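K.L.:
Here it is: the structure, laid out below.
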């Protein structure tokens, strides 16, 4: 206590306290940025401060801090609720480079927005190779139309 008082007298203040964030966060842990996959790839994510559940179990009911995530590729999106997901782009017409995006969504598939109105998302630059073969199986996959399904908004 005496040391603290002396520091204040000399004009020193204690270091600021940075409270841990309670905001949701999502990070792509696989695949690595700028890697290449043909037909499909497994995507793994790390999600903090957000309860991820099967959308079928939620029955569309909105619960604050709960939902799932979408993996967006050039051909559409996959709705995912496990720490890993298969991003299937077997319908891709030609090889291309683009973003692989993941973003948090509520149980009704609407994007979870931060205080500034931006979605909680992560993206990497990725190389897509056209191939009709996947080899992993697939999960629920919807073809994107460039509209609401692609952005979650």
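Derivation of every value follows stated rules applied to the coordinates shown; laboratory data play no part. Everything numeric here is computed off the predicted structure, so don't read it as measured data. Virtual Cβ from ideal backbone geometry, glycine too; neighbours counted across all protein chains shown.
K.L.:
Which of the residues spanning region 44-83 are assigned to a strand (DSSP E or B), under 11 Å from the mean Cα position of the chain (by Cα) and within 28 Å of residue 133 (Cβ to Cβ)?
P.N.:
44, 45, 68, 69, 70, 71, 72, 79, 80
K.L.:
Across region 22-40, which residue is nearest to residue 134 (Cα to Cα) among those that are free of Cβ contacts under 8 Å to residues at least 60 places away in the same chain and part of a strand (DSSP E or B)?
P.N.:
Out of the qualifying residues, it is 30.
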